[in-house]
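Here's the structure, in structure tokens; my notes come after.
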There are 2 protein chains.
Amino acid sequence: MRLTQWTDYALRVLMYCATYQEREQPVTISEVAQSHGISRSHLTKIVQELAAQGLLETTRGRGGGMRLMRPAREISVGAVVRVMESDFEMVECFNLENNTCRLSSHCVLKGVLGSATQAYLAVLDGLTLADLVPQLPEGSALLAPASGAAPVHMLRLVQ
Amino acid sequence: MRLTQWTDYALRVLMYCATYQEREQPVTISEVAQSHGISRSHLTKIVQELAAQGLLETTRGRGGGMRLMRPAREISVGAVVRVMESDFEMVECFNLENNTCRLSSHCVLKGVLGSATQAYLAVLDGLTLADLVPQLPEGSALLAPASGAAPVHMLRLVQ
């Protein structure tokens, strides 16, 4: 049982943006790509989806990049996982169109796994993006404007 | 987010065995395979694993088959999912050997997703296999000895 890589990377992008939210220069796809070793093209699609979901605002051109649309403390982790994780079909019978299970009509497994999934999401609903990122002291190197490249050396300061 | 097909099918095998636990003739792989439209070879591997985990006892030869090792009400659904679902690495950083995430050391995402997974399993820990199968009235057609082939027509009686 695992979340998709799509959701994993989406959470990392948002956490990165939350970490640098106070920085003057917006976060760029290139710096997240370099920092996490993820391909730019893959990240671009994830950022587009996060923008479409109203979680990121993006600006083009020189000095452009992305920022959280709302403060990190107002972005629910559960809400992010719900919109990015498209598949919560815990077992085959969750998908009625492709279901071949012949126990379906008198089986309570689907309901049981659905309840377990709700318990999983309820834990995440109780947290915001602000709970996932380190609290940065004012004037921290982490808040300094990035030079355009990956701020890996800055991240290492808090490791 | 979904369970593996391996765990899905393992639950179906156990539920099938629980349904027919009182039948004189043990459940055969062939009848489960035919009833669910799953390949015999795939089911054989699953049954071997369930036997290795002490959940099924199997007997060879004519009149052989499989039975639950313990009554269905004593088999925890959570325990089954824990032993059959080998991968609870919700995101990449759960696997320390292959982790490339550079936020790891100061990130609480792993702990948060771990807590959510525990909440998921806690729901399943509260249920037994007996909770997943229909209560059969004594003398039901579902309890009649199968003729060796798939009892699909019997299952249809309760659909």
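Some notes on this structure:
- Highest-first packing order for the peptide set A:43-54, B:2-13 is B:2-13, A:43-54, based on the mean count of other beta carbon atoms within 10 Å.
- If the segment from B:ASP125 to B:ALA79 were pulled out straight at 0.36 nm per residue, it would be longer than the present Cα-Cα gap by 15.9 nm.
- Point-to-point label distance, B:THR4-A:ARG67, nm (Cα→Cβ direction, 7 Å offset): 4.5 nm
- Shielding of B:2-14 by partner chains, average beta-carbon count, 10 Å: 4
- Nitroxide proxy distance, nm - points 7 Å out along Cα→Cβ at B:ALA52 and B:SER39: 1.9 nm
- For peptide A:123-133, the mean count of partner chain Cβ atoms within 10 Å of a residue's Cβ comes to 3.
- In the assembly of identical copies, B:ASP131 has its label point, taken 7 Å from Cα in the direction of the beta carbon, separated from the corresponding points by 2.5 nm (ascending, one decimal).
- Ascending list, in nanometres, of distances separating the A:ARG67 label from those of the other copies (7 Å, Cα toward Cβ): 7.0
- Counting, for every residue in B:79-85, the Cβ atoms of other protein chains within 10 Å of its Cβ and taking the mean gives 1.
- Other copies of A:GLN5: label-to-label distances in nm, shortest first, labels 7 Å along the beta-carbon direction: 2.0
None of the figures in this text is laboratory data; all of them are computed from the coordinates on show. Everything numeric in this text was worked out from a predicted model, so none of it was measured. In this analysis, Cβ positions are derived from the backbone assuming ideal geometry, glycine residues included, and neighbour counts consider all displayed protein chains.
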